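The structure appears below as structure tokens.
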Amino acid sequence: MELTAEEIARHYSAAMNSVNLLNAGKPSDMDDAEWADTVQRNVEHLKIMVAKDFWTDEDLTPLNDAIAAHAA
């Protein structure tokens, strides 16, 4: 099934939310264990998204950079 440009844009936006969350670092009100779980979930999300074959001209560099910077 082909995704519409709007659907692809929503997926990219969600992936960028993960990138931005990771790049912002651990919030002061989050403990280390919560942050480690958050990082792991968001890195896994980004890995899944990078593997998708529906991307057109979106720049996946920020996604790959966040994975590299935060993967365990």
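Checking residue 14 against (1) open to solvent by 50 Å² or more (accessible area, probe 1.4 Å); (2) part of a helix (DSSP H, G or I); (3) not acidic (Asp, Glu): exactly one of these is not met. Which one?
The failed condition is (1).
Output the number of residues of the range 17-26 satisfying the condition of being open to solvent by 80 Å² or more (accessible area, probe 1.4 Å) and not in a helix (DSSP H, G or I).
Counting residues in the range 17-26 that are open to solvent by 80 Å² or more (accessible area, probe 1.4 Å) and not in a helix (DSSP H, G or I) gives 1.
Which pairs have Cβ atoms under 9 Å, sit 6 or more apart or on different chains, and link a residue in the range 15-37 that is under 17 Å from residue 61 (Cβ atoms) to one that is open to solvent by 60 Å² or more (accessible area, probe 1.4 Å) and at pLDDT 95 or above?
Short answer, once both residue conditions are applied: 18/41; 19/65; 22/69; 23/65; 23/69.
Going by the conditions given, is residue 38 polar (S, T, N, Q) and open to solvent by less than 50 Å² (accessible area, probe 1.4 Å)?
Working: polar (S, T, N, Q): yes; open to solvent by less than 50 Å² (accessible area, probe 1.4 Å): yes.
Yes.
Scan the range 27-72 for residues that are of a type in the set (Gly, Ala, Ser), over 27 Å from residue 1 (Cβ atoms) and not in a helix (DSSP H, G or I) and report the count.
Counting residues in the range 27-72 that are of a type in the set (Gly, Ala, Ser), over 27 Å from residue 1 (Cβ atoms) and not in a helix (DSSP H, G or I) gives 3.
The values are calculated or read from the model by the stated rules, or taken from the named source; none is laboratory data. Everything numeric in this text was worked out from a predicted model, so none of it was measured. Using ideal geometry, Cβ is built from the backbone for each residue, glycine included, and neighbour counts are taken over all protein chains shown. Areas reflect the complete protein model, heavy atoms only, side chains present, ligands, DNA and RNA absent. Shrake-Rupley method; radii C 1.70, N 1.55, O 1.52, S 1.80 Å.
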